[in-house]
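S.K.: My structure is below; once you've seen it, I'll send some questions.
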Amino acid sequence: MDWYSKWDASLDGWIVVAGILCAVAAALPGNFLVLRRMSMLGDAVSHAILPGLAIAFFISNSRSSIPMLVGAVIAGLLTALFTEWIRGFGDVDEGASMGVVFTTLFAIGLILIVQAADHVDLDPSCVLSGSIETIPEDLVSIGQFRIPRVVLMLSGVLMVNVVAVSVFYKEFQVSAFDAALGTTQGIPAWIMHYLLMVLVAVTAVASFESVGNILVVAMFVVPPSTARLLTDRLGRMILLSCVIAAVGAALGHISAIAVPPWLGFDRSVSTSGMMALTTGLLFVTALLFAPHQGVVPQFVRRQLLSLRILSEDLIALMYRMEERSGNLAPSTDDLRTVLLSGRYVTQLLMRHHRMSGTVVRQTGSGRFQLTDKGRRQAAELVRSHRLWEQYLVSEAGVSTERIHQQAEKLEHFTGRDLRDRLDQQTATPTLDPHGRPIPAENNPS
Amino acid sequence: MSGQRFSNGYLEVPLRPTRFAAYVFFILVVFAAPAVLVAAEAVQTETPQAYRSNHQRSGSLTDRSVEWPSWTQWSRVLLLKDYNTRVVVIGTSLLGLAAGTIGSFALLRRRALMGDALSHASLPGVCVAFLLAGPLGYDGKSLPVLLIGGALSGLAGASCILVIRHLTRLREDAALGIVLSVFFGAGVVLLSVIQQLPSGNAAGLEGFIYGKTASMIASDARLIGITAVVCVSISLLLFKEFVLLCFDEDFAAARGYPVLILDVLVMLLVLLVTVVGLQAVGLVLVIALLIIPAAAARFWTYNIRSMIGLASVMGLVSGWLGSVISALFPGLPSGPMIVLVSSALFFASMLLGTSRGILQRGIRQWKLNREVDRQHLLRGIYEVLETRIGEVTIARGRETEHVSFDTLMELRSWTPRRLRRQIARSRREGHLIGTDTQFALTAPGLVEAARLVHEHRLWELYLITHAEIAPSKVDQAADAIEHVLGPEMVRQLEQLLEKHQSVDGVANSPHALR
């Protein structure tokens with residue numbers, strides 16, 4: 001892995017800078033797109049600005065940035081407007097009206113570009129994938145520094161987005177979460193909608209020729225979605241999404257250089273595609289390992305919970321067996337036939353109980369008995385169970401046949417306080433609805 | 001609006017001719033299309049390879065100028081004289097047909113953008129198929145191999161969408177965006193790998209992005225034909241189930257239909273059309289063929305049979321016309337042209353459509369406005385007269401007293417122009433007579449005015465007695481509804497409010513008149 005030997009600060013440095021600028025600039029408005037459930041509008045707008053670019057080129061007859069920017073913003077706003085319009089008139093959902101508008105505009109744009117192919121190097125094949133690799137070739141001088149034109153433009157766009165998001169933070173926030181409330185507070189939802197569209201269009205057009213529109217679409221949606229999985233606070237989500245976008249872009253270029261040699265190629269692969277891909281991998285990582293919403297942590301939490309419940313059920317069962325037939329010592333298999341649990345997990349939990357001193361194994365027979373400590377713990381559970389049964393019958397009016405299932409679930413989530421309150425509510429019963437004694441509290445207060 | 005919706009088809013018994021037309025259509029597609037293709041092959045005049053070298057220009061993205069084609073060119077293309085034009089035109093038309101049919105279900109299922117995500121997600125599969133085909137001993141450029149790869153990665157994309165939607169709290173739109181951009185990014189990376197292969201010539205693969213209709217050969221068209229037959233026949237066979245799935249999923253589940261399987265089947269059909277359409281219009285625009293004809297058809301009808309039929313016809317027409325135009329004008333690539341033709345159809349439908357069209361709605365609104373003005377004017381004059389005379393009934397059978405223009409102006413917030421126009425119209429109808437400033441109701445005008453006032457007051461009374469709205473508020477509320485009260489409704493109201501009827505058949509106003 002000697003990618004750093006191929007690293008050339010004046011080339012790769014600028015590419016990474018451009019990638020990061022573009023990614024962060026796109027991630028900022030992207031947060032609100034994702035929150036307002038309009039992610040695909042980012043895709044639509046970034047396709048639909050193509051005719052705006054082409055027409056601006058025809059009119060101004062140059063490739064200078066200002067007319068292109070104006071053309072793209074107009075095209076972007078028209079997309080949002082037409083989408084809204086067709087949705088209203090056609091009685092179709094937003095996705096369909098968006099699909100109608102952006103494909104039409106994109107088709108017009110393609111045809112215009114083909115017509116303009118004589119005069120301009122707007123190449124259709126780099127519309128989608130961009131040509132980020134050629135960024136360092138087009139330099140402009142600022143004072144004594146010579147920096148790529150694209151980097152300059154992307155910094156400008158990033159500044160615009162940062163300023164817009166921080167100035168209108170509150171307005172964006174309220175219209176993202178409760179547009180109606182915003183409207184009543186004097187922040188008309190439609191103004192915020194079109195302001196967002198302007199930001200999206202400006203970002204898309206600035207990134208268009210440099211990094212291609214597919215990377216912009218990826219950066220609009222993927223970093224904010226990843227951040228959404230990691231936090232519930234809007235401010236943190238925006239910051240996180242910027243960090244993720246920047247990391248994704250940097251990693252993307254590094255892997256574009258580093259990965260091909262592993263696969264036996266000696267040249268690098270498409271950087272913007274790779275940036276989209278690495279950001280996607282960051283998303284998958286978050287999907288799997290995000291602390292609260294990640295698939296793996298959730299799975300582990302569920303497994304731990306079910307183990308705890310099973311281990312509690314084991315000693316509660318031993319308590320009931322003792323209660324019913326005196327000094328009976330069950331084996332692991334006796335317990336398993338009642339609880340329908342797996343052999344291995346039951347043995348494991350019984351070992352855990354032995355180690356924590358709640359059960360002892362009778363020497364030789366492999367049968368288990370509760371210790372005093374275990375009996376106290378089990379009594380708590382059985383007390384919770386029977387108090388709940390009593391409560392369900394006397395206070396909630398549930399029929400006696402159905403209370404066991406519910407009490408079986410509730411007993412594991414009932415602490416001392418709740419038990420005391422159940423006790424009070426049911427007037428301190430001594431027998432449960434099935435006629436079995438309710439154990440007394442261990443340390444009566 | 002809902003009143004009109006009922007009269008426009010939801011409650012109509014499905015007409016025999018529609019079903020008959022559907023069967024004829026189906027038979028045509030099933031038997032005629034392959035027959036045409038076979039015939040096309042039989043009279044082949046140019047080999048595909050020769051054609052490609054001769055006509056490579058048409059449809060490629062690098063052409064520049066648009067020249068008006070000569071008459072012979074017109075006739076050659078329109079009469080399908082060239083073998084290759086024939087193949088391309090038939091292929092794209094059948095693709096349009098299949099996409100229109102399946103797109104209707106996708107649209108009604110609110111899955112329109114799913115096709116977009118699927119088409120982008122198919123790119124890495126196409127590339128992987130190209131990379132693997134060589135070593136595994138297949139032809140890396142044969143379309144079926146590439147399309148199978150595309151379909152597989154499209155399926156992977158669809159599963160990712162489902163996983164993201166079900167395992168996280170992200171919404172469907174974010175899931176679509178993520179899958180679309182990340183898969184496409186992977187595809188772009190793979191494309192750049194293929195371009196660097198010493199043996200690799202990725203020119204054929206880039207055609208999948210923007211479409212490369214001109215290179216379509218008979219076997220490709222036959223593939224599209226088979227797809228069309230499969231799509232249309234499955235849609236016809238499972239029509240009832242699909243419709244139920246689109247409109248009332250829960251009911252379908254309750255009736256015991258395998259909703260999940262049907263849903264997956266619709267998705268598979270969408271995937272099939274998307275993947276097959278890649279070559280014709282490219283992965284960015286193939287979604288247009290699915291959505292636009294279906295969305296356009298919605299402007300013409302509320303009946304799902306007609307909608308799907310219309311959508312398939314529109315898809316067929318746009319495929320046909322788009323490829324014909326592209327064949328005639330070498331500077332116009334066919335993929336975008338097909339999309340533009342369907343967009344043109346869409347906007348025409350949006351404007352002229354007979355059920356939701358803008359023009360239709362405008363006319364309906366305009367008629368309603370005129371009717372409302374007419375009723376307001378007559379009722380206004382009646383109530384002015386009533387207040388003037390007091391409790392006494394207005395004498396029937398002859399003209400009434402005169403009411404001045406200014407008095408009427410004060411009644412409502414209408415402009416003098418609007419009021420004058422309505423007065424002129426009522427005069428023509430024979431309800432009003434008088435000079436420019438003074439008017440009186442004629443005998444028939446009085447009868448009509450009395451009827452309108454009666455309806456208005458019935459509704460007011462209903463609101464007071466049954467909806468418990470304050471008498472001072474009911475005038476406004478009744479204003480909103482009285483114009484759409486039907487005779488049946490009026491009869492029911494009269495029965496309900498019998499005791500309030502006064503001697504002359506007009507209910508008394510429950511509130512003070514201004």
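The values are calculated or read from the model by the stated rules, or taken from the named source; none is laboratory data. The structure displayed is predicted, hence computed values, not measured ones. With ideal geometry, Cβ positions are generated from the backbone for all residues, glycine too; neighbour counts draw on all protein chains shown.
S.K.: Looking at the structure I just gave you, is A:Val211 in contact (Cβ under 8 Å) with a residue 24 or more places away in the chain, touching a Cys at 6+ places or on another chain (Cβ under 6 Å), within 12 Å of another protein chain (Cβ to nearest Cβ) and crowded, with 21+ Cβ neighbours inside 10 Å? Before the answer, list the steps.
M.R.: Numbers: in contact (Cβ under 8 Å) with a residue 24 or more places away in the chain: yes; touching a Cys at 6+ places or on another chain (Cβ under 6 Å): yes; within 12 Å of another protein chain (Cβ to nearest Cβ): yes; crowded, with 21+ Cβ neighbours inside 10 Å: yes.
Here the answer is yes, as A:Val211 does meet what is asked.
S.K.: Next question. Scan the range A:33-48 and report the pairs whose first residue is assigned by TED's automatic domain parsing to the domain that holds A:Val216 and whose second residue is in a loop (DSSP other than H, G, I, E, B), with Cβ atoms within less than 7 Å and a gap of 6+ or a chain change.
M.R.: From residues that are assigned by TED's automatic domain parsing to the domain that holds A:Val216, the pairs are A:Arg37/B:Arg171; A:Met40/B:Leu113; A:His47/B:Val284.
S.K.: Would you mind stating whether A:Gly90 is at pLDDT below 85 and within 14 Å of chain B (Cβ to nearest Cβ)? Before you say what the answer is, go through the steps one by one.
M.R.: Working: at pLDDT below 85: yes; within 14 Å of chain B (Cβ to nearest Cβ): yes.
Considered against the rule, which asks whether it is at pLDDT below 85 and within 14 Å of chain B (Cβ to nearest Cβ), A:Gly90 comes out as yes.
S.K.: Considering only residues that are in a helix (DSSP H, G or I) and closer than 20 Å to B:Ser219 by Cβ, which ones fall in the range B:135-146? Reasoning before the result, please.
M.R.: So the first thing to find is which residues in the range B:135-146 are in a helix (DSSP H, G or I), and the list is B:135-136, B:143-146.
Result: B:Leu143, B:Pro144, B:Val145, B:Leu146.
S.K.: Given the residues A:Ala164, A:Ala176, A:Ala245, which is the only one that is hydrophobic (A, V, I, L, M, F, W, C), closer than 27 Å to B:Gly187 by Cβ and either surrounded by 18 or more Cβ atoms within 10 Å (Cβ to Cβ) or not assigned by TED's automatic domain parsing to the domain that holds A:Arg36 (or both)?
M.R.: Working: A:Ala164 fails: closer than 27 Å to B:Gly187 by Cβ; A:Ala176 fails: closer than 27 Å to B:Gly187 by Cβ.
Testing whether each residue is hydrophobic (A, V, I, L, M, F, W, C), closer than 27 Å to B:Gly187 by Cβ and either surrounded by 18 or more Cβ atoms within 10 Å (Cβ to Cβ) or not assigned by TED's automatic domain parsing to the domain that holds A:Arg36 (or both) leaves just A:Ala245.
S.K.: Something else: If you check A:Leu112, A:Leu139, A:Leu152, which single one turns out to be modelled with pLDDT under 80 and in the same structural domain as A:Asn213 (by TED's automatic domain parsing)?
M.R.: Every option except A:Leu139 fails the conditions.
S.K.: Given the conditions (1) in contact with a Ser or Thr (Cβ under 7 Å, 6 or more places away or on another chain); (2) surrounded by fewer than 21 Cβ atoms within 10 Å (Cβ to Cβ); (3) within 9 Å of another protein chain (Cβ to nearest Cβ), and given that A:Leu251 satisfies all but one, which numbered condition is not satisfied?
M.R.: That leaves (3) as the condition not met.
For every residue, the table says whether it meets (1) more than 33 Å from the chain's Cα centre (by Cα); (2) within 10 Å of another protein chain (Cβ to nearest Cβ); (3) modelled with pLDDT of 85 or more.
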site: B:Asp139; (1), (2), (3): yes, no, no
site: B:Gly149; (1), (2), (3): no, no, yes
site: B:Ala156; (1), (2), (3): no, no, yes
site: B:Ser159; (1), (2), (3): no, no, yes
site: B:Ile164; (1), (2), (3): no, yes, yes
site: B:Arg169; (1), (2), (3): no, yes, yes
site: B:Val193; (1), (2), (3): yes, yes, no
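S.K.: Which of the residues belonging to the range B:147-170 are buried (at least 19 other Cβ atoms within 10 Å of the Cβ) and either outside any helix (DSSP H, G or I) or β-branched (Val, Ile, Thr) (or both)?
M.R.: Within the range B:147-170, B:Ile161, B:Ile164, B:Thr168, B:Leu170 qualify.
S.K.: So the check is Cβ under 6 Å with 6+ separation or different chains; which pairs have a first residue in the range A:424-435 that's among the charged types (D, E, K, R) and a second one that's surrounded by 12 or more Cβ atoms within 10 Å (Cβ to Cβ) and in a loop (DSSP other than H, G, I, E, B)?
M.R.: Cβ pairs passing all conditions: A:Asp432/A:Ile438.
S.K.: What is the residue count in the range B:452-478 for residues that are within 15 Å of B:Gln375 (Cα to Cα) and touching a Phe, Trp or Tyr at 6+ places or on another chain (Cβ under 9 Å)?
M.R.: 3
S.K.: Also: Which residues, taken from the range A:344-392, are crowded, with 20+ Cβ neighbours inside 10 Å and farther than 30 Å from A:Gln425 by Cα?
M.R.: The answer is A:Leu349, A:Met350, A:His353, A:Thr358, A:Val359, A:Phe368, A:Leu370.
S.K.: Check the range A:256-269 and report whether any residue there is touching a strand residue (DSSP E or B) at 6+ places or on another chain (Cβ under 7 Å), away from chain B (no Cβ under 12 Å) and in a helix (DSSP H, G or I). Even if it seems obvious, please write down each step before you answer.
M.R.: Residues of the range A:256-269 that are touching a strand residue (DSSP E or B) at 6+ places or on another chain (Cβ under 7 Å), as a first pass: none.
Scanning the range A:256-269, I find no residue that is touching a strand residue (DSSP E or B) at 6+ places or on another chain (Cβ under 7 Å), away from chain B (no Cβ under 12 Å) and in a helix (DSSP H, G or I), so the answer is no.
S.K.: Now for a different question. Would you tally the residues in the range B:124-133 being within 8 Å of B:Phe183 (Cβ to Cβ) and modelled with pLDDT under 90? Steps first, please.
M.R.: Kept after step one, since they are within 8 Å of B:Phe183 (Cβ to Cβ), are these residues of the range B:124-133: B:124.
Filter again for modelled with pLDDT under 90, leaving none.
Matching residues across the range B:124-133 total 0.
S.K.: Restricting attention to the range B:324-339, and to residues there that are at the interface with chain A (Cβ under 8 Å from one of its Cβ atoms) and surrounded by fewer than 24 Cβ atoms within 10 Å (Cβ to Cβ), which single residue is farthest from B:Val313 (Cα to Cα)? If you could, list the steps in order and put the result at the bottom.
M.R.: Narrowing the range B:324-339 to residues at the interface with chain A (Cβ under 8 Å from one of its Cβ atoms): B:331-333, B:335-337, B:339.
Then drop every residue that is not surrounded by fewer than 24 Cβ atoms within 10 Å (Cβ to Cβ), which leaves B:331-332.
On the way: B:Gly331: 27, B:Leu332: 23 Å.
For the range B:324-339, the residue satisfying everything is B:Gly331.
S.K.: Determine whether the range B:282-301 contains at least one residue that is of a type in the set (D, E, K, R) and closer than 18 Å to B:Leu113 by Cα. Break it down stepwise before answering.
M.R.: First pass over the range B:282-301, keeping only residues of a type in the set (D, E, K, R): B:298.
Right, trim to closer than 18 Å to B:Leu113 by Cα and you get B:298.
Checked the range B:282-301: at least one residue is of a type in the set (D, E, K, R) and closer than 18 Å to B:Leu113 by Cα.
S.K.: So which pairs qualify, if the first residue must be in the range B:243-259 and assigned by TED's automatic domain parsing to the domain that holds B:Arg109 and among the β-branched types (Val, Ile, Thr), the second must be surrounded by fewer than 12 Cβ atoms within 10 Å (Cβ to Cβ) and modelled with pLDDT of 90 or more, the Cβ gap must be under 7 Å, and the two must be at least 6 apart or on different chains?
M.R.: If the second residue must be surrounded by fewer than 12 Cβ atoms within 10 Å (Cβ to Cβ) and modelled with pLDDT of 90 or more, no pairs are left.
S.K.: Out of the residues in the range B:79-132 that are outside any helix (DSSP H, G or I) and within 14 Å of chain A (Cβ to nearest Cβ), state the one that is surrounded by the fewest Cβ atoms within 10 Å (Cβ to Cβ). Walk me through how you get there before you give the answer.
M.R.: Start the filter on the range B:79-132 by keeping residues that are outside any helix (DSSP H, G or I), which leaves B:79-82, B:109-113.
Now narrow it down to the ones that are within 14 Å of chain A (Cβ to nearest Cβ): B:109-113.
On the way: B:Arg109: 19, B:Arg110: 15, B:Arg111: 24, B:Ala112: 28, B:Leu113: 28.
Residue satisfying both the conditions and the ranking: B:Arg110.
S.K.: Failed condition for A:Ala204, given (1) more than 12 Å from chain B (Cβ to nearest Cβ); (2) in contact with a Phe, Trp or Tyr (Cβ under 8 Å, 6 or more places away or on another chain), with all others met?
M.R.: Exception for A:Ala204: condition (2).
S.K.: I need the full set of residues from the range A:279-323 which are within 14 Å of chain B (Cβ to nearest Cβ) and among the small types (Gly, Ala, Ser), in order please.
M.R.: Within the range A:279-323, A:Gly280, A:Ala286, A:Ala290, A:Gly294 meet the criteria.
S.K.: Looking only at helices (runs of 4 or more DSSP H) that lie completely in the range B:210-302, which have at least 1 residues being β-branched (Val, Ile, Thr)? Don't jump to the end; show me each part of the working.
M.R.: Numbers: elements: B:218-237, B:239-247, B:249-254, B:259-281, B:286-297.
In the range B:210-302, B:218-237, B:239-247, B:259-281, B:286-297 are the helices (runs of 4 or more DSSP H) which contain 1 or more residues that are β-branched (Val, Ile, Thr).
S.K.: Among the residues of the range A:197-244, which ones are among the small types (Gly, Ala, Ser) and either under 13 Å from the mean Cα position of the chain (by Cα) or at pLDDT 95 or above (or both)?
M.R.: If we filter the range A:197-244 for residues that are among the small types (Gly, Ala, Ser), which is where we start, we get A:201, A:204, A:206-207, A:210, A:212, A:218, A:225, A:227, A:235, A:241.
The answer is A:Ser225, A:Ala227, A:Ser241.
For every residue, the table says whether it meets (1) farther than 30 Å from B:Phe183 by Cβ; (2) in contact with a His (Cβ under 8 Å, 6 or more places away or on another chain); (3) among the aliphatic types (A, V, I, L, M); (4) loosely packed, with under 14 Cβ neighbours inside 10 Å.
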site: A:Leu282; (1), (2), (3), (4): no, no, yes, no
site: A:Ala286; (1), (2), (3), (4): no, no, yes, no
site: A:Ala290; (1), (2), (3), (4): no, no, yes, no
site: A:Arg308; (1), (2), (3), (4): yes, yes, no, yes
site: A:Met318; (1), (2), (3), (4): yes, no, yes, no
site: A:Asp334; (1), (2), (3), (4): yes, no, no, no
site: A:Thr337; (1), (2), (3), (4): yes, no, no, yes
